[in-house]
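The next block holds one structure in the form of structure tokens; read it before the comments.
The values are calculated or read from the model by the stated rules, or taken from the named source; none is laboratory data. In this text the structure is predicted, and so the values were computed from the model without any measurement. Note that we place each Cβ from the backbone using ideal geometry, even for glycine, and neighbour counts take in every protein chain shown.
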Amino acid sequence: MSTATGLDSPDRPAHGPTFQALSTGRKIKDKAATVLVTLAFLIALVPLVWVLVTVVGRGIGAIISADWWGRSLNGVLPESYAGGVYHAIYGTIIQALLAAVIAVPVGIAAAVYLVEYGRGRLAKTTSFMVDILAGVPSIVAALFVFAAFISIMGGVQSAFMVSLALVLLMLPVVIRNTEEMLRLVPDELREASYALGIPKWKTILRIVLPTALSGTVTGVMLALARVMGETAPVLVLVGYSQSINFDPFSGNMASLPLLMFSELSNPEPAGQFRIWGAALTLILIIMILQLGASVVSRFSAISK
Amino acid sequence: MAKRLDLKDVDIYYGDFHAVAGVNLSVAPRSVTSFIGPSGCGKSTVLRTLNRMHEEIPGARVEGEVLLDGEDIYNRSSDAVAVRKTIGMVFQRPNPFPTMSIRDNVVAGLKLSGVRDKKKLDEVCEASLRGANLWKEVSGRLDKPGGGLSGGQQQRLCIARAIAVAPDVLLMDEPCSALDPISTLAIEDLIADLKKEYTIVIVTHNMQQAARVSDQTAFFNLEATGKPGKLVEIDDTEKIFSNPTEQATEDYISGRFG
């Protein structure tokens, strides 16, 4: 429009207002786009809410009893509404933690290598392999562990084997996430540290990693939450047990996905009851982890 | 403490790119030398070769000699980490460590080099902050994060951090370019104080600043894009700004240049 009006008499524009009201066409387009985007959001929300409502509605009956959290299914008949799943909760948590104990240090070290040291072919290959690993389905990871550690090396089925498979699933997530967090640390901080005569390894340990800590921890917890629900490794690599087994290195051990799977073959309504309860329990544990992740990231976030 | 710096036939490369050619200059102890010149002429590059920060960039290398009191810092046996302890650096943008408190920022260099003695660390912290003219402003909140200070305070915090490791030479890469005039004045006053104890080399785009703070001024220029930057002239600041030998220098300082 007439933009040069104001030069000689800025108070009185000669050609009427420069800025016109929104045209009807644009108003309609704006509304249409708003409705479309909102609709898409609601549609995406439907399955989530549906799953949550169903699981909570059917599972709440099981988990409100104290026995659910404090007893196993040892000696409980298939048709009886008794016992609890603490053996499976223990199994799920210990398997995920054992996996984390291996995957987190290796993953963070690999990410440090990729960001701080990696140049040339080895770094490219590593990065490529991490991408491939990220695409490996959990059943393949489970079968690989079975083939390598049980068939070839003569190990026995145990919770630890499950953890090894979970390591394969956790590693790419931890590496990629940590890598991203490390790349967010500005180079200026590294330079500031070098300029003080601090060697590179110490710069990484004391400056770079602490700066990236909150994002890294969040990523690790999310990776943990992801592998807790994995079913394929527990089906292939460990037998189900009705009772508690504290030893992850030998014997059968239950976990929440495995318990659900085994109760599927229970024709009694009590089996259904336990499946929904276990599903809700798993969702709760994962939710607690996610909440923990956001609390950690809030508290260790860099304060300004 | 303060030591002299001599550059002899220094050539700097980034991979195949010849960034700076044939620099010869000397910096006397307890003096301020400023590097001026248009963007891309290599003055920051030269500065970064003086404490071997340059080699952090992949493919970068240096030919010629950089002598600190006669000792070549690029000598095969000398460790870049040791060099950087002796030759400190302050950067263009203030960069305090975000995870650390003000106190930890100041003593970071000592702490990460293994000094544990809390009493000594506190002493150094106070002395360095006083040296950087920041003590009065932050003495009551040493445990607060360094990122909470204003830009000018952050830059003085970075200077305190740099002098806490007691270097012989202090390099400053456009330390005031991100600061307002009042903070700039504070830093310039500080440079005048620091001169009593340190050898200072400062890169600046601000010619008035070069005229105000430095004893000698070096003018760098680029003949054409793609060609290496060159040291055109180095002389007493007064002479450079009143009666330079080279026509290019006069064109640049009088604003006739590009």
Exercise for the section: Please indicate, with yes or no, whether at least one residue in the stretch A:161-177 is within 14 Å of another protein chain (Cβ to nearest Cβ), part of a helix (DSSP H, G or I) and surrounded by fewer than 24 Cβ atoms within 10 Å (Cβ to Cβ). Expected result: no
Practice task
Could you look through the stretch B:67-85, keep only residues that are touching a Lys or Arg at 6+ places or on another chain (Cβ under 8 Å) and surrounded by 15 or more Cβ atoms within 10 Å (Cβ to Cβ), and pick out the one that is farthest from the other protein chains (Cβ to nearest Cβ)?
Solution key: B:Leu67
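Every residue, every condition in (1) over 30 Å from A:Gln272 (Cβ atoms); (2) surrounded by 10 or more Cβ atoms within 10 Å (Cβ to Cβ); (3) at pLDDT below 95, yes or no:
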{"site": "A:Arg12", "(1), (2), (3)": "yes, no, yes"}
{"site": "A:His15", "(1), (2), (3)": "yes, yes, yes"}
{"site": "A:Ser23", "(1), (2), (3)": "yes, no, yes"}
{"site": "A:Thr38", "(1), (2), (3)": "yes, yes, no"}
{"site": "A:Phe41", "(1), (2), (3)": "yes, no, no"}
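Might you check whether a residue that is in contact with a strand residue (DSSP E or B) (Cβ under 7 Å, 6 or more places away or on another chain), without any contact (Cβ under 8 Å) to a residue 40 or more places away in the chain and within 14 Å of another protein chain (Cβ to nearest Cβ) occurs anywhere in the stretch A:188-195? Please lay out each step first, then the result.
Of the stretch A:188-195, the ones in contact with a strand residue (DSSP E or B) (Cβ under 7 Å, 6 or more places away or on another chain) are A:195.
Imposing the further condition that a residue be without any contact (Cβ under 8 Å) to a residue 40 or more places away in the chain reduces the set to A:195.
This time we only want the ones that are within 14 Å of another protein chain (Cβ to nearest Cβ), so: A:195.
Yes - at least one qualifying residue is present in the stretch A:188-195.
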Practice task
Please verify whether the stretch A:215-225 includes one or more residues that are surrounded by fewer than 20 Cβ atoms within 10 Å (Cβ to Cβ) and in contact with a Phe, Trp or Tyr (Cβ under 7 Å, 6 or more places away or on another chain).
Solution key: no
Exercise for the section: Quickly run through the stretch B:31-51 and pick out the residues that are within 14 Å of chain A (Cβ to nearest Cβ) and in a strand (DSSP E or B). Expected result: none
Problem - Odd one out for B:Lys195, checked against (1) crowded, with 18+ Cβ neighbours inside 10 Å; (2) within 14 Å of another protein chain (Cβ to nearest Cβ); (3) among the charged types (D, E, K, R) - result: (2)
Practice task
Hey, can you tell me all the residues within the stretch B:130-141 that are away from chain A (no Cβ under 13 Å) and surrounded by fewer than 24 Cβ atoms within 10 Å (Cβ to Cβ)?
Solution key: B:Arg130, B:Gly131, B:Asn133, B:Trp135, B:Lys136, B:Glu137, B:Val138, B:Ser139, B:Gly140
Handout entry: Qualifying residue in the stretch B:235-248 (condition: modelled with pLDDT of 90 or more, within 26 Å of B:Leu170 (Cα to Cα), over 22 Å from the mean Cα position of the chain (by Cα) and surrounded by fewer than 19 Cβ atoms within 10 Å (Cβ to Cβ))
Key = yes
Handout entry: Criterion violated by B:Val106 - all others in (1) modelled with pLDDT under 90; (2) surrounded by 22 or more Cβ atoms within 10 Å (Cβ to Cβ) satisfied
Key = (1)
Practice task
Mind listing just one residue for me: the one in the stretch B:52-66 that is at the interface with chain A (Cβ under 7 Å from one of its Cβ atoms) and out of contact with any Lys or Arg (no Cβ under 7 Å at 6 or more places or on another chain) and, of those, surrounded by the most Cβ atoms within 10 Å (Cβ to Cβ)?
Solution key: B:Met53
Handout entry: helices (runs of 4 or more DSSP H) completely within the stretch B:143-258 that count 3 or more residues being of a type in the set (A, V, I, L, M, F, W, C)
Key = B:151-164, B:181-194, B:207-213
Handout entry: Answer from B:Ala127, B:Ala178 - the residue that is of a type in the set (A, V, I, L, M) and more than 14 Å from every other protein chain (Cβ to nearest Cβ)
Key = B:Ala127
Exercise for the section: Please tell me if B:Lys144 is loosely packed, with under 15 Cβ neighbours inside 10 Å, within 9 Å of another protein chain (Cβ to nearest Cβ) and either among the β-branched types (Val, Ile, Thr) or touching a residue at least 12 places away in the same chain (Cβ under 8 Å) (or both). Expected result: yes
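Listed here are the residues, each with its yes/no results for (1) in contact with a Ser or Thr (Cβ under 7 Å, 6 or more places away or on another chain); (2) closer than 22 Å to A:Gly197 by Cα.
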residue	(1), (2)
B:Asp9	no, no
B:His18	no, no
B:Ala21	no, no
B:Leu25	no, no
B:Val46	no, yes
B:Ile57	no, yes
B:Arg61	no, yes
B:Thr86	no, yes
B:Gln92	yes, yes
Practice task
Please verify whether the stretch B:150-171 includes one or more residues that are hydrophobic (A, V, I, L, M, F, W, C) and either more than 12 Å from chain A (Cβ to nearest Cβ) or over 22 Å from the mean Cα position of the chain (by Cα) (or both).
Solution key: no
Fill in the blank from the handout: Within the stretch B:130-144, the residues that are closer than 10 Å to B:Ile102 by Cα and out of contact with any strand residue (DSSP E or B) (no Cβ under 8 Å at 6 or more places or on another chain) are B:Val138, B:Ser139, B:Arg141
Exercise for the section: Residues that are farther than 18 Å from B:Ala164 by Cβ: find the helices (runs of 4 or more DSSP H) completely inside the stretch B:56-114 holding 1 or more of those. Expected result: B:80-86
Practice task
Just give me the residues in the stretch A:205-215 being more than 8 Å from chain B (Cβ to nearest Cβ) and either farther than 19 Å from B:Cys158 by Cα or not hydrophobic (A, V, I, L, M, F, W, C) (or both), in sequence order.
Solution key: A:Leu205, A:Leu209, A:Ala212, A:Ser214, A:Gly215
Practice task
Could you tell me which of the residues B:Ile182, B:Ile187 is touching a Cys at 6+ places or on another chain (Cβ under 6 Å), of a type in the set (Val, Ile, Thr) and over 24 Å from B:Cys41 (Cα atoms)?
Solution key: B:Ile187
Fill in the blank from the handout: Taking first residues from the stretch A:110-129 that are among the basic types (Lys, Arg) and second residues anywhere that are loosely packed, with under 14 Cβ neighbours inside 10 Å, the pairs with Cβ under 7 Å that are 6 or more apart or on different chains are A:Arg119/B:Pro58
Fill in the blank from the handout: Reported set for the stretch B:86-109 where residues are over 26 Å from B:Glu188 (Cβ atoms) and at the interface with chain A (Cβ under 9 Å from one of its Cβ atoms) is B:Pro98, B:Thr99, B:Met100
